[in-house]
Amino acid sequence: MYYYIRLLKNTPIEAVIQEPFKLVFTITTDLTEKFYDQPCKLRCQTVVRTPSTIPGATAEDTVMTIMPQGLTQGYSLDYDPKIGYCSVDVRLAPCMTPYDECQLVLSLDPTPYTTNQPGSKTLLEPPEYEILPAWSLPIHLKPAPLNFSKKTKHRKVNKKYLIDTRQDLVERYFKLPAHLTGLHGPGRSLLVREDATEGFMARHIWDSGVFMTKHLMLSDSWLSKYMKETREQDKDEKVDVNQEKSLESSLSTLSVLDTSVPAPGSSSPSDPSPTPIPSQCRERVCLELGAGTGLVGIAVAVAFPELSVLSTDLDEALALMQQNVDANAALLPNNNMKVGFLDWAEKDRKVKPVEILLLADVVYNDLSHEFLLQTILDYSDEKTKVLLGYKFRHEAEQQFFERAKDYFNIENVHQQDTMQLFVMTRKAN
Ligand SMILES: C[S@@+](CC[C@H](N)C(=O)[O-])C[C@H]1O[C@@H](n2cnc3c(N)ncnc32)[C@H](O)[C@@H]1O
């Protein structure tokens, strides 16, 4: 499992240099059912995105300058589990004036935590579980007014200069493993935005998704091995995987409603007739169900450019998911990822099976098990690999696996504490 630094109050869209604004945050599990119960030190840094000259640079490539934070050269904050949250007045430093935007990054301070008790210095164990940093959305910086009156001498917040429109998202970064350097260049990360505070379930990242993302991109993951094997088989069978095949043509055989503007000649929601895929060309379609922010689908599309990935969810997820795909465009030069609407409760689908189905953290609601299982059945055949990331939440979830066992062989291919990755393959009829 993971812990997440979460804002309890959104950061402002605009801040006046040296005028304080409040940052309130905590450390919780994905479901917010548990708060981090150890004291620790957190770092609050300000980073500035400088315009990048690297062609195809990702958002993170442009974070060139880490500026000392405020008047105290960066904040080190004590997280006290007895209080359960941190509150700090952030002042942005005058040295930022050449830039007009910055982001705040909250992360675990790796320097060992030391208590302030007189005479005793206690080193606490590093956290057992990873604590994921949170990046605020960019904050527009405004210079302080020059003619301070006596009233403003003490730098009270001048509300006039703080637009109280709050930003409700934070960013999370996931470093690409070294073996993808050849594909994407060194030191790249993929980025997803999620709701800063508690909000729609579909607009958050969840443990199983983070776990799948980190694992699937590795060179020795189950999926990497599978992709390698199937590439070799393709070579042996002389299947033309390099043949130009548009994502639109592959995905048009699915019954999902694509939110993006259809390419000329491709099918669109108003044109339901699917474009046939050339028979000599292997369909390498990966469909993600209940994709939320799109994190897992993006990771798979970035790591395996030969797959055409379609990540789907209900309406409330799609705008943010598309934003996340766009934010990673530089890592997706093949344009091999799309976002679409797909409701598991839809009835009587006439669709084709896909090669890979991705699911992360989708069996928590036993009321939807029947629909979900039907959707998986609709999009699978004996060749389909169903990758399901799971974290135990409650007993009722086991009913899903009990039902699924009637149709699928289920293999646990990777595990990390309470999180598991299952590969489900259809039993022969
Ligand atoms: C716990 S979230 C997991 C999100 C993402 N897979 C992750 O791991 O970060 C469950 C997701 O399932 C989606 N979902 C729930 N019921 C659905 C339905 N009937 N059809 C499609 N998606 C659904 C939710 O909108 C939500 O995005």
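The values are calculated or read from the model by the stated rules, or taken from the named source; none is laboratory data. Since we're looking at a predicted model, the values are computed, not measured. Here Cβ is always computed from backbone atoms with ideal geometry, including for glycine, and neighbour counts include all displayed protein chains.
Some observations on this one:
- Of everything listed in (1) more than 15 Å from VAL296 (Cβ to Cβ); (2) part of a loop (DSSP other than H, G, I, E, B), the single unmet condition for ILE376 is (2).
- Scope region 311-346; condition buried (at least 18 other Cβ atoms within 10 Å of the Cβ) and within 13 Å of the ligand (Cβ to nearest atom); matching residues: SER311, THR312, ASP313, ALA317, LEU318, LEU320, MET321, ASN324, VAL339, GLY340, LEU342, TRP344
- Hey, ALA360 away from the ligand (no atom under 13 Å from the Cβ) and either at pLDDT 95 or above or over 23 Å from ILE410 (Cα atoms) (or both) or not: no
- All positions within region 190-213 that are surrounded by fewer than 20 Cβ atoms within 10 Å (Cβ to Cβ) and more than 9 Å from the ligand (Cβ to nearest atom): LEU191, THR197, GLU198, GLY199
- Strands (runs of 3 or more DSSP E) contained in region 13-67 and holding at least 1 residues modelled with pLDDT under 80 and among the polar types (S, T, N, Q): 63-67
- Only one entry in VAL362, VAL351, VAL423 is assigned to a strand (DSSP E or B) and aliphatic (A, V, I, L, M), namely VAL423.
- Some residue of region 349-357 being of a type in the set (Lys, Arg) and within 13 Å of the ligand (Cβ to nearest atom): yes
- Residue within region 375-394 that is away from the ligand (no atom under 12 Å from the Cβ), of a type in the set (Phe, Trp, Tyr) and at pLDDT 95 or above present: yes
- Restricting attention to region 306-320, the residues being at pLDDT 95 or above and closer than 17 Å to PHE174 by Cβ number 2.
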